[in-house]
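The values are calculated or read from the model by the stated rules, or taken from the named source; none is laboratory data. Remember, predicted model here, so these are calculated numbers, not experimental data. Glycine gets a Cβ as well: all are built from the backbone with ideal geometry, and neighbour counts include every protein chain shown. These accessible areas exclude ligands, DNA and RNA; they are computed on the full protein's heavy atoms, side chains included. Shrake-Rupley method; radii C 1.70, N 1.55, O 1.52, S 1.80 Å.
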Amino acid sequence: EGADPQKIHVGLTGSPALLVDYHEILQHDIRSISGLAFLAVLMLFLLAFRRIGGLFVAGVPLAVGVIWSLAFARLVIGEINVFTAGSVAILCGLAIDFTIHLYNRYLEEAHSGLDMWRAFQAAHGEAGLGILAAAGTTSWAFLAAGMSRFRGLRDLGLICAAGIVLSLIAAFLLVPALTAIFARLRPAPDKPRGLASFGLTPVLRFVTSRPRRVVIIGFIVVLLLIW
């Protein structure tokens, strides 16, 4: 009584209103977090390889792997919840490694004088074995989370475990296919440019020249963190 009508706010509450808010927040987070993670990963890839064509070689397999993973979530789990919404960002950060190692090994072999078939044969036959081992161990780690009794953690583990395998398949198939397409569009041989070091060269020089000091410092830091 006596309150200003323009200062009175009317709203809805209860389970239906909270559910609507939950869905709106979830949809916004999936779009924003997933899109930001995807773009950030590709920008770092471009900075490292310094090849515009490499963006497509890396971006297309990564996008395909993520889409396959979301399809798996829809068919097997049925939904994406607030706990599994970050699975796309996790997959973007992990699955790009497959493309990086395959593409970098291909460039090394191509710059050494091998043709495309022999270069990818070396990349898949040698680097591919290490990539396969890394994908297997990572996938098994997520499968361990998939045995949790908490549904959110279980769903996250299953989505990421399947997503790692699906992204690996996409990388093995699409990286050589896209590279072959770009080679036909640009028949000129690729020039060696080398990966960006991101300032790790002086760090490596310090570590190799003073290994005992590095180990002692690391040990002290670990003890302090445990304490």
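Checking each residue in region 64-89 for being under 11 Å from the mean Cα position of the chain (by Cα) and either modelled with pLDDT under 90 or surrounded by fewer than 17 Cβ atoms within 10 Å (Cβ to Cβ) (or both) picks out Ser87, Val88, Ala89. Residues considered: Asp155, Asp97. Of these, the only one that is buried (at least 21 other Cβ atoms within 10 Å of the Cβ), within 24 Å of Val41 (Cβ to Cβ) and among the charged types (D, E, K, R) is Asp155. Take the conditions (1) surrounded by fewer than 21 Cβ atoms within 10 Å (Cβ to Cβ); (2) on the phi < 0 side of the Ramachandran plot; Gly113 misses just one of them, which is (2). Candidates in region 1-22 are the residues that are surrounded by 10 or more Cβ atoms within 10 Å (Cβ to Cβ) and of a type outside the set (Val, Ile, Thr); of these, the one that is farthest from Asn104 (Cα to Cα) is Ala17.
Determine whether Ala122 is in contact with an Asp or Glu (Cβ under 8 Å, 6 or more places away or on another chain) and not in a helix (DSSP H, G or I). No: the conditions fail for Ala122. Taking the criterion of being hydroxyl-bearing (Ser, Thr, Tyr), over 30 Å from Ala119 (Cα atoms) and assigned to a helix (DSSP H, G or I), would at least one residue in region 92-103 satisfy it? Checked region 92-103: no residue is hydroxyl-bearing (Ser, Thr, Tyr), over 30 Å from Ala119 (Cα atoms) and assigned to a helix (DSSP H, G or I).
Filtered by the rule that a residue be touching a Gly at 6+ places or on another chain (Cβ under 9 Å) and open to solvent by 10 Å² or more (accessible area, probe 1.4 Å), region 158-173 gives Leu158, Val165, Leu166, Leu168, Ile169, Phe172. Scanning region 138-157 for residues that are touching a residue at least 40 places away in the same chain (Cβ under 8 Å) and within 17 Å of Gly93 (Cα to Cα) turns up Thr138, Leu156. Say we look at region 39-60 and pick out the residues that are closer than 29 Å to Asn81 by Cβ and among the β-branched types (Val, Ile, Thr); which of these is most open to solvent (accessible area, probe 1.4 Å)? Applying the filter and picking the extreme gives Val60. Checking the structure you have, find out if any residue of region 31-38 is surrounded by 18 or more Cβ atoms within 10 Å (Cβ to Cβ) and modelled with pLDDT of 85 or more. Scanning region 31-38, I find at least one residue that is surrounded by 18 or more Cβ atoms within 10 Å (Cβ to Cβ) and modelled with pLDDT of 85 or more, so the answer is yes.
Against the definition (in a loop (DSSP other than H, G, I, E, B), free of Cβ contacts under 8 Å to residues at least 24 places away in the same chain and not basic (Lys, Arg)), how does His28 come out, yes or no? It is false that His28 is in a loop (DSSP other than H, G, I, E, B), free of Cβ contacts under 8 Å to residues at least 24 places away in the same chain and not basic (Lys, Arg). Can you confirm whether Arg193 is touching a Phe, Trp or Tyr at 6+ places or on another chain (Cβ under 8 Å), of a type in the set (Lys, Arg) and either at pLDDT below 90 or assigned to a helix (DSSP H, G or I) (or both)? For Arg193, the condition - touching a Phe, Trp or Tyr at 6+ places or on another chain (Cβ under 8 Å), of a type in the set (Lys, Arg) and either at pLDDT below 90 or assigned to a helix (DSSP H, G or I) (or both) - is met. The number of residues in region 100-110 that are in contact (Cβ under 8 Å) with a residue 40 or more places away in the chain, open to solvent by 30 Å² or more (accessible area, probe 1.4 Å) and within 14 Å of Gly130 (Cβ to Cβ) comes to 2.
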